[in-house]
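These notes are about the structure you will find just below.
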Amino acid sequence: MKDSLGCIEWIKGMMNVIHEMFFQKYDARHLHNPMQLPSLHNLTFIVTGSTSGIGLQTARQLAESGAHVVMAVRNTKAAHELIQKWQTESPSEGLPLNIEVMEIDLLSLDSVARFADLYNARSEPLYALINNAGICSIGVPQKFSKDGHEVHMQVNHLAPALLAVLLLPSLIRGSPSRIVNVNSVVHSLGFVDPEDMSFVKGNKKFTSFVGYSSSKLAQVMFSGILQKRLPAECGISVVCVSPGIVKTNVVRDLPKIVQAAHAWTPYIYLSPQEGSRSSLFAATDPQVPEYCESLKADERSACAFFSQDCRPSNPAKEAWNTETSRRVWEKTFELVGLPVDAVNNLVRGKEVKCSFGDQYR
Ligand SMILES: NC(=O)c1ccc[n+]([C@@H]2O[C@H](COP(=O)([O-])OP(=O)(O)OC[C@H]3O[C@@H](n4cnc5c(N)ncnc54)[C@H](OP(=O)(O)O)[C@@H]3O)[C@@H](O)[C@H]2O)c1
(Lines give C-alpha, C1' and ligand atoms only; values in the text may rest on other atoms or scores of the structure.)
Protein backbone atom coordinates (compact mmCIF):
# COMPACT_ATOMS: atom_id res chain seq x y z
CA MET A 1 0.00 0.00 0.00
CA LYS A 2 2.80 2.39 1.06
CA ASP A 3 4.72 1.47 -2.10
CA SER A 4 1.76 2.13 -4.38
CA LEU A 5 1.19 5.53 -2.70
CA GLY A 6 4.90 6.29 -3.25
CA CYS A 7 4.50 5.30 -6.88
CA ILE A 8 1.52 7.64 -7.33
CA GLU A 9 3.51 10.53 -5.82
CA TRP A 10 6.44 9.74 -8.12
CA ILE A 11 4.12 9.81 -11.16
CA LYS A 12 2.69 13.14 -9.99
CA GLY A 13 6.23 14.46 -9.54
CA MET A 14 7.17 13.30 -13.03
CA MET A 15 4.10 15.04 -14.46
CA ASN A 16 5.19 18.26 -12.72
CA VAL A 17 8.63 17.99 -14.32
CA ILE A 18 7.15 17.32 -17.77
CA HIS A 19 4.69 20.19 -17.33
CA GLU A 20 7.51 22.55 -16.38
CA MET A 21 9.56 21.44 -19.36
CA PHE A 22 6.86 22.02 -21.97
CA PHE A 23 4.74 24.82 -20.47
CA GLN A 24 7.20 26.95 -18.52
CA LYS A 25 7.41 29.67 -21.17
CA TYR A 26 3.62 29.79 -21.43
CA ASP A 27 3.12 29.83 -17.65
CA ALA A 28 5.63 32.67 -17.24
CA ARG A 29 4.33 34.77 -20.15
CA HIS A 30 3.15 37.51 -17.73
CA LEU A 31 6.72 38.16 -16.52
CA HIS A 32 9.07 40.82 -17.92
CA ASN A 33 12.50 39.79 -19.05
CA PRO A 34 14.72 41.09 -17.58
CA MET A 35 12.72 41.31 -14.40
CA GLN A 36 11.91 44.84 -13.27
CA LEU A 37 13.47 45.36 -9.86
CA PRO A 38 12.93 48.16 -7.35
CA SER A 39 15.84 50.34 -6.29
CA LEU A 40 18.02 48.20 -4.01
CA HIS A 41 20.48 50.83 -2.73
CA ASN A 42 21.87 50.12 0.76
CA LEU A 43 20.83 46.45 0.66
CA THR A 44 23.40 43.62 0.67
CA PHE A 45 22.81 40.33 -1.13
CA ILE A 46 25.13 37.32 -1.03
CA VAL A 47 24.78 35.18 -4.17
CA THR A 48 26.58 31.83 -4.18
CA GLY A 49 27.72 30.38 -7.51
CA SER A 50 27.49 33.71 -9.32
CA THR A 51 30.18 33.03 -11.93
CA SER A 52 27.81 31.21 -14.25
CA GLY A 53 24.21 30.62 -15.33
CA ILE A 54 21.34 31.72 -13.09
CA GLY A 55 23.57 33.03 -10.29
CA LEU A 56 25.57 35.22 -12.69
CA GLN A 57 22.38 36.85 -13.99
CA THR A 58 21.00 37.21 -10.47
CA ALA A 59 24.13 38.96 -9.18
CA ARG A 60 24.39 41.26 -12.18
CA GLN A 61 20.75 42.38 -12.10
CA LEU A 62 20.82 43.00 -8.35
CA ALA A 63 23.98 45.11 -8.71
CA GLU A 64 22.52 47.03 -11.65
CA SER A 65 19.56 47.91 -9.42
CA GLY A 66 21.89 49.49 -6.90
CA ALA A 67 22.40 46.60 -4.47
CA HIS A 68 25.68 45.77 -2.76
CA VAL A 69 26.36 42.25 -4.04
CA VAL A 70 28.79 39.72 -2.59
CA MET A 71 29.69 37.12 -5.20
CA ALA A 72 30.36 34.00 -3.11
CA VAL A 73 32.29 31.80 -5.50
CA ARG A 74 35.05 29.24 -5.76
CA ASN A 75 36.57 30.73 -8.92
CA THR A 76 37.41 34.24 -7.71
CA LYS A 77 39.40 35.11 -10.84
CA ALA A 78 36.36 34.48 -13.05
CA ALA A 79 34.23 36.63 -10.72
CA HIS A 80 36.68 39.57 -10.88
CA GLU A 81 36.74 39.34 -14.69
CA LEU A 82 32.94 39.41 -14.78
CA ILE A 83 32.81 42.49 -12.55
CA GLN A 84 35.24 44.31 -14.84
CA LYS A 85 33.08 43.45 -17.84
CA TRP A 86 29.85 44.51 -16.11
CA GLN A 87 31.38 47.80 -14.95
CA THR A 88 32.03 48.78 -18.57
CA GLU A 89 28.72 47.51 -19.96
CA SER A 90 26.40 48.55 -17.14
CA PRO A 91 23.74 51.15 -17.88
CA SER A 92 23.79 52.44 -14.27
CA GLU A 93 24.39 56.13 -15.10
CA GLY A 94 28.16 55.97 -14.81
CA LEU A 95 28.08 54.88 -11.16
CA PRO A 96 30.38 51.93 -10.43
CA LEU A 97 28.54 48.73 -9.50
CA ASN A 98 28.86 47.88 -5.83
CA ILE A 99 30.10 44.28 -6.10
CA GLU A 100 32.76 42.34 -4.29
CA VAL A 101 34.06 38.77 -4.38
CA MET A 102 34.48 36.35 -1.50
CA GLU A 103 35.76 32.80 -1.81
CA ILE A 104 33.66 29.81 -0.82
CA ASP A 105 33.84 26.15 -1.80
CA LEU A 106 30.69 24.27 -0.90
CA LEU A 107 32.58 21.00 -1.17
CA SER A 108 34.34 22.00 2.05
CA LEU A 109 32.29 22.68 5.20
CA ASP A 110 35.35 24.37 6.65
CA SER A 111 35.39 26.81 3.73
CA VAL A 112 31.68 27.57 4.37
CA ALA A 113 32.33 28.24 8.05
CA ARG A 114 35.33 30.45 7.23
CA PHE A 115 33.20 32.45 4.79
CA ALA A 116 30.49 32.97 7.42
CA ASP A 117 33.08 33.96 10.07
CA LEU A 118 34.59 36.55 7.73
CA TYR A 119 31.24 37.99 6.74
CA ASN A 120 29.80 38.06 10.29
CA ALA A 121 32.98 39.75 11.55
CA ARG A 122 31.97 42.85 9.58
CA SER A 123 28.92 43.28 11.83
CA GLU A 124 26.98 44.55 8.84
CA PRO A 125 23.36 43.86 7.92
CA LEU A 126 22.66 41.20 5.31
CA TYR A 127 19.39 41.60 3.41
CA ALA A 128 19.40 38.29 1.54
CA LEU A 129 21.40 35.12 1.18
CA ILE A 130 20.72 33.54 -2.21
CA ASN A 131 21.84 29.91 -2.01
CA ASN A 132 22.16 29.45 -5.75
CA ALA A 133 25.31 27.35 -6.33
CA GLY A 134 24.56 23.76 -7.17
CA ILE A 135 25.68 20.74 -9.12
CA CYS A 136 23.83 18.19 -11.20
CA SER A 137 26.36 15.53 -12.18
CA ILE A 138 23.97 13.20 -13.96
CA GLY A 139 25.60 10.01 -15.18
CA VAL A 140 28.68 10.46 -13.00
CA PRO A 141 29.50 7.70 -10.45
CA GLN A 142 28.84 8.33 -6.76
CA LYS A 143 31.42 10.71 -5.27
CA PHE A 144 32.07 11.98 -1.77
CA SER A 145 33.39 15.28 -0.45
CA LYS A 146 36.38 15.38 1.85
CA ASP A 147 33.82 15.83 4.65
CA GLY A 148 32.52 12.37 3.73
CA HIS A 149 29.16 13.31 2.18
CA GLU A 150 27.74 12.44 -1.22
CA VAL A 151 28.61 15.47 -3.34
CA HIS A 152 25.07 16.48 -4.46
CA MET A 153 23.87 16.30 -0.86
CA GLN A 154 26.80 18.41 0.29
CA VAL A 155 26.81 21.10 -2.41
CA ASN A 156 23.03 21.39 -2.87
CA HIS A 157 21.82 20.95 0.70
CA LEU A 158 24.31 20.52 3.57
CA ALA A 159 26.68 23.38 2.74
CA PRO A 160 23.87 25.89 1.92
CA ALA A 161 22.09 24.89 5.15
CA LEU A 162 25.29 25.46 7.16
CA LEU A 163 25.82 28.81 5.45
CA ALA A 164 22.26 29.95 6.16
CA VAL A 165 22.46 29.01 9.84
CA LEU A 166 25.90 30.55 10.40
CA LEU A 167 24.86 33.79 8.68
CA LEU A 168 21.80 34.22 10.93
CA PRO A 169 23.51 36.95 13.03
CA SER A 170 24.05 39.07 9.86
CA LEU A 171 20.55 38.28 8.54
CA ILE A 172 19.03 39.33 11.86
CA ARG A 173 21.00 42.60 11.61
CA GLY A 174 19.51 43.10 8.11
CA SER A 175 15.97 42.15 9.13
CA PRO A 176 13.48 42.03 7.49
CA SER A 177 15.69 39.72 5.46
CA ARG A 178 15.50 36.55 3.39
CA ILE A 179 17.09 33.19 2.68
CA VAL A 180 16.38 32.14 -0.89
CA ASN A 181 17.26 28.60 -1.94
CA VAL A 182 17.45 27.88 -5.65
CA ASN A 183 15.76 24.51 -5.70
CA SER A 184 14.14 22.52 -8.52
CA VAL A 185 10.83 21.00 -9.55
CA VAL A 186 12.83 17.75 -9.60
CA HIS A 187 12.75 17.73 -5.76
CA SER A 188 9.37 16.05 -6.18
CA LEU A 189 11.15 12.93 -7.50
CA GLY A 190 13.54 12.84 -4.55
CA PHE A 191 13.75 10.43 -1.64
CA VAL A 192 15.47 11.19 1.66
CA ASP A 193 16.37 8.61 4.29
CA PRO A 194 17.56 10.79 7.20
CA GLU A 195 19.70 7.90 8.45
CA ASP A 196 21.43 7.52 5.09
CA MET A 197 21.63 10.91 3.41
CA SER A 198 24.71 9.93 1.39
CA PHE A 199 23.16 6.67 0.07
CA VAL A 200 25.83 4.36 1.44
CA LYS A 201 23.68 1.73 3.17
CA GLY A 202 22.30 0.32 -0.06
CA ASN A 203 18.61 0.55 0.99
CA LYS A 204 18.03 2.73 -2.04
CA LYS A 205 20.13 2.24 -5.15
CA PHE A 206 22.23 5.34 -5.82
CA THR A 207 22.10 7.01 -9.20
CA SER A 208 23.29 10.54 -9.79
CA PHE A 209 19.68 11.56 -10.51
CA VAL A 210 18.62 10.16 -7.12
CA GLY A 211 21.51 12.14 -5.57
CA TYR A 212 20.42 15.39 -7.25
CA SER A 213 16.66 15.14 -6.69
CA SER A 214 17.09 13.97 -3.09
CA SER A 215 19.46 16.83 -2.22
CA LYS A 216 16.81 19.25 -3.46
CA LEU A 217 14.07 17.50 -1.45
CA ALA A 218 16.24 17.59 1.68
CA GLN A 219 16.65 21.34 1.16
CA VAL A 220 12.88 21.89 0.95
CA MET A 221 12.31 19.83 4.10
CA PHE A 222 15.05 21.61 6.05
CA SER A 223 13.86 25.05 4.90
CA GLY A 224 10.30 24.35 6.05
CA ILE A 225 11.51 23.59 9.57
CA LEU A 226 13.98 26.49 9.59
CA GLN A 227 11.16 28.90 8.79
CA LYS A 228 9.13 27.56 11.72
CA ARG A 229 12.05 27.59 14.19
CA LEU A 230 12.92 31.22 13.47
CA PRO A 231 10.91 33.44 15.81
CA ALA A 232 8.72 35.99 14.01
CA GLU A 233 10.72 38.83 15.67
CA CYS A 234 13.79 37.77 13.63
CA GLY A 235 11.97 38.88 10.49
CA ILE A 236 13.70 36.32 8.26
CA SER A 237 11.74 34.72 5.41
CA VAL A 238 12.88 31.36 4.08
CA VAL A 239 11.92 30.49 0.52
CA CYS A 240 12.69 27.82 -2.08
CA VAL A 241 12.29 28.55 -5.78
CA SER A 242 12.32 26.61 -9.00
CA PRO A 243 14.19 28.52 -11.73
CA GLY A 244 12.58 26.43 -14.47
CA ILE A 245 14.51 24.29 -16.89
CA VAL A 246 17.28 26.60 -17.90
CA LYS A 247 20.08 26.43 -20.44
CA THR A 248 23.19 26.82 -18.27
CA ASN A 249 26.47 25.06 -17.52
CA VAL A 250 24.62 22.77 -15.13
CA VAL A 251 24.37 20.27 -17.96
CA ARG A 252 28.12 20.04 -18.47
CA ASP A 253 28.24 16.55 -16.94
CA LEU A 254 25.26 15.23 -18.88
CA PRO A 255 25.80 12.68 -21.68
CA LYS A 256 26.78 14.34 -24.99
CA ILE A 257 23.48 13.42 -26.66
CA VAL A 258 21.46 15.20 -23.94
CA GLN A 259 23.75 18.22 -24.18
CA ALA A 260 23.13 18.33 -27.92
CA ALA A 261 19.36 18.27 -27.32
CA HIS A 262 19.83 21.03 -24.75
CA ALA A 263 21.58 23.20 -27.34
CA TRP A 264 18.83 22.75 -29.91
CA THR A 265 15.87 23.48 -27.72
CA PRO A 266 15.73 27.25 -27.20
CA TYR A 267 11.95 27.09 -27.47
CA ILE A 268 11.71 24.82 -24.47
CA TYR A 269 14.54 25.95 -22.20
CA LEU A 270 14.60 29.29 -20.43
CA SER A 271 17.60 31.57 -20.82
CA PRO A 272 19.67 32.16 -17.63
CA GLN A 273 18.15 35.64 -17.44
CA GLU A 274 14.63 34.15 -17.53
CA GLY A 275 15.75 31.50 -15.05
CA SER A 276 16.91 34.17 -12.58
CA ARG A 277 13.42 35.70 -12.25
CA SER A 278 12.11 33.44 -9.49
CA SER A 279 15.27 34.04 -7.37
CA LEU A 280 15.03 37.79 -7.94
CA PHE A 281 11.33 37.77 -7.16
CA ALA A 282 11.79 35.79 -3.95
CA ALA A 283 14.68 38.04 -2.89
CA THR A 284 12.99 41.37 -3.55
CA ASP A 285 9.18 41.23 -3.89
CA PRO A 286 7.52 43.02 -0.95
CA GLN A 287 4.74 40.40 -0.66
CA VAL A 288 7.06 37.45 -0.02
CA PRO A 289 7.51 37.95 3.79
CA GLU A 290 3.76 38.15 4.30
CA TYR A 291 3.26 34.93 2.36
CA CYS A 292 5.94 33.16 4.43
CA GLU A 293 4.32 34.37 7.66
CA SER A 294 0.92 33.08 6.55
CA LEU A 295 2.43 29.60 6.00
CA LYS A 296 4.21 29.69 9.33
CA ALA A 297 0.92 30.04 11.13
CA ASP A 298 0.06 26.48 10.07
CA GLU A 299 2.21 23.91 11.96
CA ARG A 300 1.71 21.33 9.19
CA SER A 301 2.68 23.56 6.27
CA ALA A 302 5.77 22.94 4.14
CA CYS A 303 8.33 25.51 3.01
CA ALA A 304 7.27 28.52 0.90
CA PHE A 305 7.95 27.55 -2.70
CA PHE A 306 7.79 29.72 -5.83
CA SER A 307 7.69 28.26 -9.32
CA GLN A 308 9.64 29.60 -12.26
CA ASP A 309 6.61 31.81 -13.06
CA CYS A 310 7.03 33.49 -9.62
CA ARG A 311 3.73 32.12 -8.35
CA PRO A 312 3.49 30.28 -5.03
CA SER A 313 3.14 26.54 -5.46
CA ASN A 314 3.00 23.51 -3.23
CA PRO A 315 6.19 21.53 -2.84
CA ALA A 316 6.05 17.73 -3.15
CA LYS A 317 3.85 15.78 -0.73
CA GLU A 318 6.92 14.27 0.97
CA ALA A 319 8.00 17.79 1.97
CA TRP A 320 4.83 18.00 4.10
CA ASN A 321 5.88 14.95 6.09
CA THR A 322 6.65 16.73 9.36
CA GLU A 323 8.21 13.70 11.02
CA THR A 324 10.70 13.00 8.21
CA SER A 325 11.39 16.73 7.85
CA ARG A 326 12.20 16.96 11.57
CA ARG A 327 14.60 14.02 11.25
CA VAL A 328 16.24 15.59 8.17
CA TRP A 329 16.60 18.80 10.19
CA GLU A 330 18.31 17.03 13.08
CA LYS A 331 20.52 14.90 10.86
CA THR A 332 21.59 17.94 8.86
CA PHE A 333 22.89 19.61 12.04
CA GLU A 334 24.78 16.46 12.97
CA LEU A 335 26.33 16.14 9.48
CA VAL A 336 27.47 19.77 9.31
CA GLY A 337 28.92 19.64 12.81
CA LEU A 338 26.49 22.03 14.51
CA PRO A 339 24.58 21.44 17.75
CA VAL A 340 20.88 20.91 17.06
CA ASP A 341 20.00 24.00 19.16
CA ALA A 342 22.29 26.23 17.04
CA VAL A 343 19.43 28.28 15.58
CA ASN A 344 17.96 28.87 19.02
CA ASN A 345 21.30 30.04 20.36
CA LEU A 346 22.20 32.22 17.38
CA VAL A 347 18.88 34.09 17.45
CA ARG A 348 19.52 34.81 21.15
CA GLY A 349 22.92 36.23 20.29
CA LYS A 350 24.84 33.30 21.81
CA GLU A 351 27.97 31.82 20.23
CA VAL A 352 27.79 28.41 18.56
CA LYS A 353 30.62 25.94 18.16
CA CYS A 354 30.94 24.20 14.83
CA SER A 355 33.06 21.08 14.53
CA PHE A 356 34.30 19.22 11.49
CA GLY A 357 36.48 16.29 12.46
CA ASP A 358 38.74 17.80 15.10
CA GLN A 359 38.35 21.44 14.13
CA TYR A 360 36.34 23.83 16.27
CA ARG A 361 35.42 27.46 15.83
N1 LIG B 1 19.66 24.93 -15.09
C2 LIG B 1 18.55 24.31 -14.73
O3 LIG B 1 17.77 23.84 -15.58
C4 LIG B 1 18.19 24.21 -13.28
C5 LIG B 1 16.96 23.62 -12.95
C6 LIG B 1 16.60 23.52 -11.61
C7 LIG B 1 17.47 24.00 -10.63
N8 LIG B 1 18.66 24.55 -10.99
C9 LIG B 1 19.53 25.04 -9.90
O10 LIG B 1 19.95 26.34 -10.18
C11 LIG B 1 21.17 26.61 -9.48
C12 LIG B 1 22.15 27.29 -10.41
O13 LIG B 1 22.51 26.37 -11.43
P14 LIG B 1 22.80 26.80 -12.94
O15 LIG B 1 21.80 26.11 -13.78
O16 LIG B 1 22.96 28.27 -13.06
O17 LIG B 1 24.19 26.03 -13.15
P18 LIG B 1 25.67 26.52 -13.48
O19 LIG B 1 25.68 27.41 -14.67
O20 LIG B 1 26.47 25.27 -13.52
O21 LIG B 1 26.07 27.36 -12.19
C22 LIG B 1 26.33 26.73 -10.97
C23 LIG B 1 27.19 27.63 -10.13
O24 LIG B 1 27.43 26.93 -8.89
C25 LIG B 1 28.83 26.99 -8.64
N26 LIG B 1 29.33 25.86 -7.87
C27 LIG B 1 29.28 24.53 -8.19
N28 LIG B 1 29.91 23.81 -7.25
C29 LIG B 1 30.36 24.70 -6.32
C30 LIG B 1 31.11 24.57 -5.14
N31 LIG B 1 31.57 23.39 -4.70
N32 LIG B 1 31.39 25.68 -4.42
C33 LIG B 1 30.99 26.89 -4.85
N34 LIG B 1 30.30 27.08 -5.98
C35 LIG B 1 29.99 26.00 -6.72
C36 LIG B 1 29.47 27.00 -10.01
O37 LIG B 1 30.79 27.47 -9.91
P38 LIG B 1 31.93 27.02 -10.97
O39 LIG B 1 31.62 27.80 -12.21
O40 LIG B 1 33.20 27.38 -10.28
O41 LIG B 1 31.76 25.54 -11.18
C42 LIG B 1 28.54 27.94 -10.76
O43 LIG B 1 28.89 29.28 -10.51
C44 LIG B 1 21.64 25.24 -8.96
O45 LIG B 1 21.33 25.14 -7.59
C46 LIG B 1 20.82 24.24 -9.77
O47 LIG B 1 20.61 23.03 -9.10
C48 LIG B 1 19.05 24.66 -12.28
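The values are calculated or read from the model by the stated rules, or taken from the named source; none is laboratory data. Just so you know, these numbers come straight off a predicted model, no measurement behind them. Neighbour counts run over all protein chains shown; Cβ positions are idealised from the backbone, glycine included. Just so you know, the surface numbers come from the protein's heavy atoms only, side chains and all, with ligands and any DNA or RNA stripped out. Shrake-Rupley method; radii C 1.70, N 1.55, O 1.52, S 1.80 Å.
A few comments on the model shown:
- Test for TRP320: is it more than 15 Å from the ligand (Cβ to nearest atom) and touching a helix residue (DSSP H, G or I) at 6+ places or on another chain (Cβ under 7 Å): no
- Any hit, segment 102-117, residues being more than 15 Å from the ligand (Cβ to nearest atom), modelled with pLDDT of 95 or more, of a type outside the set (A, V, I, L, M, F, W, C) and buried (at least 18 other Cβ atoms within 10 Å of the Cβ): no
- Just so you know, in segment 24-56 the residues that are within 15 Å of the ligand (Cβ to nearest atom) and open to solvent by 40 Å² or more (accessible area, probe 1.4 Å) include one that is modelled with the lowest pLDDT, and it is LYS25.
- Taking each residue of segment 336-357 that is closer than 16 Å to VAL112 by Cα and looking for partners that are modelled with pLDDT under 95 and of a type in the set (Lys, Arg) with beta-carbon atoms closer than 8 Å, six or more apart or interchain, yields LYS353/ARG361; CYS354/ARG361.
- Residue check for SER92: closer than 25 Å to GLN219 by Cβ and modelled with pLDDT under 95: no
- Selection from segment 40-81 of residues that are β-branched (Val, Ile, Thr), part of a strand (DSSP E or B) and in contact with a strand residue (DSSP E or B) (Cβ under 6 Å, 6 or more places away or on another chain): THR44, ILE46, VAL47, THR48, VAL69, VAL70
- Filtering segment 199-241 to residues that are surrounded by fewer than 24 Cβ atoms within 10 Å (Cβ to Cβ), among the polar types (S, T, N, Q) and within 16 Å of the ligand (Cβ to nearest atom) leaves only SER208.
- Condition met for ILE99 (away from the ligand (no atom under 14 Å from the Cβ), touching a residue at least 12 places away in the same chain (Cβ under 8 Å), among the β-branched types (Val, Ile, Thr) and open to solvent by 10 Å² or more (accessible area, probe 1.4 Å)): yes
- Condition check for GLN84: part of a helix (DSSP H, G or I) and more than 16 Å from the ligand (Cβ to nearest atom): yes
- Segment 121-177 - residue that is within 17 Å of ASP110 (Cα to Cα) and touching a Lys or Arg at 6+ places or on another chain (Cβ under 7 Å) and, of those, least open to solvent (accessible area, probe 1.4 Å): ASN156
- Test: ARG74 is over 15 Å from the mean Cα position of the chain (by Cα), within 14 Å of the ligand (Cβ to nearest atom), open to solvent by 30 Å² or more (accessible area, probe 1.4 Å) and in contact (Cβ under 8 Å) with a residue 12 or more places away in the chain: yes
- Taken residue by residue, segment 273-284 has at least one member that is in a loop (DSSP other than H, G, I, E, B), within 23 Å of TYR26 (Cα to Cα) and at pLDDT 95 or above.
- Those residues of segment 146-183 which are more than 12 Å from the ligand (Cβ to nearest atom) and part of a strand (DSSP E or B), in sequence order: GLU150, SER177, ARG178, ILE179
- Per-region count, segment 116-145, residues part of a helix (DSSP H, G or I) and in contact with a Ser or Thr (Cβ under 9 Å, 6 or more places away or on another chain): 3
- When we screen SER137, SER213, SER198, SER170 for residues that are among the polar types (S, T, N, Q) and closer than 29 Å to LYS350 by Cβ, the only hit is SER170.
- Number of the condition not met by ILE138 [criteria: (1) modelled with pLDDT of 95 or more; (2) within 13 Å of the ligand (Cβ to nearest atom)]: (1)
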